[in-house]
Amino acid sequence: MPCFPTRFFFAISRLGSEAGRAGRDSRGATAVEFAIVAPIVIATLLGALQIGVIYLAQAELENAAEEGARLVLTNQAQSISASAFQSAICGYLPALFTCANVMVDLESQSVSAGSSDALIMTPPGLTYNANGAVTNAWAYQPGTAGQLEILRVMYQWPVYAGPLGMAFGDLANGTLFLSSTQVFQNEQ
């Protein structure tokens, strides 16, 4: 029967050779590395996709606001109601937008010729009801010749929180406030 130190050293040397063999075995390493890296890559891709959609929505909102300003400039807004004007702007938006959630604010300001009147633009403060819907009353003043017009087209864009807590919402109800402002002089 071998003595204790011999068995001990034999077991240690065998353990060392097993550990060396296990260190050289990399069959599961790829799966472990993928499990570590995949959530970060997927979160980055989803975040980039959402940012791209947000930029697309902002560009489309800007385009619709420009078309709305053209309606005022060509004197077509004088003969229609505020809801018809909002519907006309919605007609320029793609199906990504819900027309009922589009907010349109058209205000006119008088400017004296030769004066240094400042344009008064106050950002809208949104108020919400219990369901999270905006309850503001928006102005509709197509104005007359020579007046400055301020057209704001606004939308609460729904954003989705992705993995790793990536959230792009900036309003109390978790949406992103998109806005386009057009300032022009009415030349009717």
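Going through Ala43, Ala77 one at a time, which residue ends up being touching a residue at least 24 places away in the same chain (Cβ under 8 Å), surrounded by 11 or more Cβ atoms within 10 Å (Cβ to Cβ), aliphatic (A, V, I, L, M) and outside any helix (DSSP H, G or I)?
One residue alone meets the criteria, Ala77.
Hey, can you tell me all the residues within segment 62-74 that are among the β-branched types (Val, Ile, Thr) and touching a residue at least 24 places away in the same chain (Cβ under 8 Å)?
Across segment 62-74, the qualifying residue is only Val72.
Those residues that are touching a helix residue (DSSP H, G or I) at 6+ places or on another chain (Cβ under 8 Å), farther than 18 Å from Ser83 by Cβ, part of a strand (DSSP E or B) and not acidic (Asp, Glu), I need them from segment 126-179; list them, please.
Result: Gln156, Trp157, Leu176, Leu178, Ser179.
Need pairs with beta-carbon distance below 7 Å; first residue over 18 Å from Leu61 (Cα atoms) and within segment 101-119, second modelled with pLDDT under 70 and of a type in the set (D, E, K, R); sequence gap 6+ or separate chains.
Val111/Asp117
Can you tell me which residues in segment 47-74 are surrounded by 16 or more Cβ atoms within 10 Å (Cβ to Cβ) and closer than 16 Å to Tyr160 by Cβ?
Selection gives Gly47, Gln50, Ala57.
Would you please name the residue that is modelled with the lowest pLDDT, looking only at residues in segment 72-130 that are under 22 Å from Tyr155 (Cβ atoms) and hydroxyl-bearing (Ser, Thr, Tyr)?
Applying the filter and picking the extreme gives Thr122.
Residues in segment 82-100 that are loosely packed, with under 14 Cβ neighbours inside 10 Å and either in a helix (DSSP H, G or I) or without any contact (Cβ under 8 Å) to a residue 24 or more places away in the chain (or both): how many?
7
The values are calculated or read from the model by the stated rules, or taken from the named source; none is laboratory data. Just so it is clear, the structure is predicted and the values come from calculations on it, not from any experiment. Positions of Cβ are generated from backbone atoms using ideal geometry, with glycine treated the same way; all protein chains shown enter the neighbour counts.
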